[in-house]
Amino acid sequence: MKKTILTGIRPTGKLHLGHYFGATKNWVLLQDEYNSFFEIADVQALTDNFNNPEKVRESVRDIAIDLLAIGINPEKSTIFIQSMIPEIAELTIYYSNLVTIARLYRNPTIKTEISQKKALFGNDGESVTYGFVGYPVSQAADITAFNGELVPVGEDQLPLLEQCREIVRKFNSIYGETLKEPEAYLSKTKRIKGLDGNDKMGKSLGNAIYLRDSEDEIKKKIMGAVTDTNKIKKDDPANPDICMVYYYHQLIKSEDLNNICNECKKGLRGCVQCKKELIENMNKFLNPIKEKAKYYEDNPEIVDEILINGTKKAKKVAENTMKKVKKAIKIDYYD
Ligand code: TRP
């Protein structure tokens, strides 16, 4: 029996290279080995975008298209929409009894996110809602509803998984062995840096290349990428290790990497030439993904069908979990 792997993604925009190289590229590989579920976590996205439902709605479709375009295969994997599975919300309610508010506030991921919110919106705490602080509980429901055994996560998400494991242990110890305790499937990839050299590529940082960026956008972004600032003239020697152009050459495995590196170090390669080559390689890399995405953009009914079927399949599994949970809590009236 294949193990079940569950992964979730918050629909708050399109996927960029940071998502791709940091996580989603590996998801494509995992789907052969595991029983793979991909949850488009719109309920979680609403916890901090409750006042922007249009954005979440649009992003659900964008994420679905991006996942299909990078090679998530609906024949092998189940792609579904979180809000269409009410069992997840139901589980969240029962799990919420098993978590203290203090413990949620101590969760390092929540802690970081709260301080980011306070920095953005001021210190009045108005941005910190009950739903937001509780999202780790809802995420525990996401995982356990589908008997997730493995959860691909980056380091920043580890505290959320730990919280899920605690909930599962508490549930099982009070109500009897019912839920599976999931394990993290830690990806070895590091965070992907932004075009500006920032440690993280992110939408809010404005330093991302999106998988579906047009050739013009790609050109503009790469021409503006940060290089070794000590290099003034075309034939100055430079340090490729602090150059974002070389960083992306490495990321997309440009041909002649050694050559690029040596020429840069010896001052035999100008940044403009180097950027032009990266633009060409980036287009070669992204064009097949964009072509696939275009197919799904042009055939929205195919995307609908994939989401409807995936959600149906996922719902059956969640219904089964719900039954077991209700029985364990002794609220299985008249079943
Ligand atoms: N919290 C994850 C993120 O911000 C998304 C997510 C929602 C998730 N549900 C999940 C991840 C379940 C793993 C398992 O990207």
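Condition first: touching a helix residue (DSSP H, G or I) at 6+ places or on another chain (Cβ under 8 Å) and within 14 Å of the ligand (Cβ to nearest atom). Can you find one or more residues in segment 121-131 that meet it? For segment 121-131, residues touching a helix residue (DSSP H, G or I) at 6+ places or on another chain (Cβ under 8 Å) and within 14 Å of the ligand (Cβ to nearest atom): present. When the criteria are applied in full, ARG169 meets the requirement of being more than 10 Å from the ligand (Cβ to nearest atom), open to solvent by 50 Å² or more (accessible area, probe 1.4 Å) and more than 21 Å from THR12 (Cβ to Cβ).
Per-residue answers, yes or no, for (1) touching a Phe, Trp or Tyr at 6+ places or on another chain (Cβ under 7 Å); (2) in contact (Cβ under 8 Å) with a residue 24 or more places away in the chain:
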residue	(1), (2)
GLY206	no, no
ASP213	no, yes
LYS220	no, no
MET223	no, yes
ASP236	no, yes
MET244	no, yes
LEU251	yes, yes
LYS266	no, yes
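Within segment 175-186, the only residue that satisfies the criterion of being open to solvent by 40 Å² or more (accessible area, probe 1.4 Å), within 20 Å of LEU30 (Cα to Cα) and in contact (Cβ under 8 Å) with a residue 40 or more places away in the chain is TYR185. Tallying residues that are under 17 Å from VAL56 (Cβ atoms) and more than 13 Å from the ligand (Cβ to nearest atom) within segment 74-85 yields 2.
Filtering GLU54, GLU75, GLU58 for residues that are of a type in the set (Asp, Glu) and part of a loop (DSSP other than H, G, I, E, B) leaves a single hit, GLU75. Looking only at segment 4-49, filter to residues that are in a loop (DSSP other than H, G, I, E, B), in contact (Cβ under 8 Å) with a residue 60 or more places away in the chain and over 17 Å from GLU75 (Cα atoms); which one of those is farthest from the ligand (Cβ to nearest atom)? So, considering only residues that are in a loop (DSSP other than H, G, I, E, B), in contact (Cβ under 8 Å) with a residue 60 or more places away in the chain and over 17 Å from GLU75 (Cα atoms), the one farthest from the ligand (Cβ to nearest atom) is LYS14. If you go through segment 101-133 and keep only what is open to solvent by 20 Å² or more (accessible area, probe 1.4 Å), of a type outside the set (Ser, Thr, Tyr) and closer than 24 Å to ILE81 by Cβ, you end up with GLU113, GLY131. Considering VAL56, VAL60, the condition of being open to solvent by less than 40 Å² (accessible area, probe 1.4 Å), out of contact with any strand residue (DSSP E or B) (no Cβ under 7 Å at 6 or more places or on another chain) and away from the ligand (no atom under 12 Å from the Cβ) is satisfied by VAL56 alone. The condition of being farther than 21 Å from ILE85 by Cβ and open to solvent by 30 Å² or more (accessible area, probe 1.4 Å) holds for only one of LEU17, LEU29, that being LEU29.
Answer yes or no: is there a residue in segment 66-76 that is touching a residue at least 12 places away in the same chain (Cβ under 8 Å), over 19 Å from the mean Cα position of the chain (by Cα) and either farther than 20 Å from ALA184 by Cβ or surrounded by 14 or more Cβ atoms within 10 Å (Cβ to Cβ) (or both). Yes, segment 66-76 contains a residue that is touching a residue at least 12 places away in the same chain (Cβ under 8 Å), over 19 Å from the mean Cα position of the chain (by Cα) and either farther than 20 Å from ALA184 by Cβ or surrounded by 14 or more Cβ atoms within 10 Å (Cβ to Cβ) (or both). If you check ASN172 against the conditions, is it without any contact (Cβ under 8 Å) to a residue 40 or more places away in the chain and either out of contact with any Leu (no Cβ under 9 Å at 6 or more places or on another chain) or not polar (S, T, N, Q) (or both)? Considered against the rule, which asks whether it is without any contact (Cβ under 8 Å) to a residue 40 or more places away in the chain and either out of contact with any Leu (no Cβ under 9 Å at 6 or more places or on another chain) or not polar (S, T, N, Q) (or both), ASN172 comes out as no. When segment 135-166 is filtered for residues that are more than 9 Å from the ligand (Cβ to nearest atom) and open to solvent by 20 Å² or more (accessible area, probe 1.4 Å), the ones remaining, listed by number, are ASN147, GLU149, GLU155, LEU158, PRO159, GLU162, ARG165, GLU166.
The values are calculated or read from the model by the stated rules, or taken from the named source; none is laboratory data. As the structure is a prediction and not an experimental result, all values here were calculated from the model. Neighbour counts run over all protein chains shown; Cβ positions are idealised from the backbone, glycine included. Note: areas computed on protein heavy atoms with side chains; ligands, DNA, RNA excluded. Shrake-Rupley method; radii C 1.70, N 1.55, O 1.52, S 1.80 Å.
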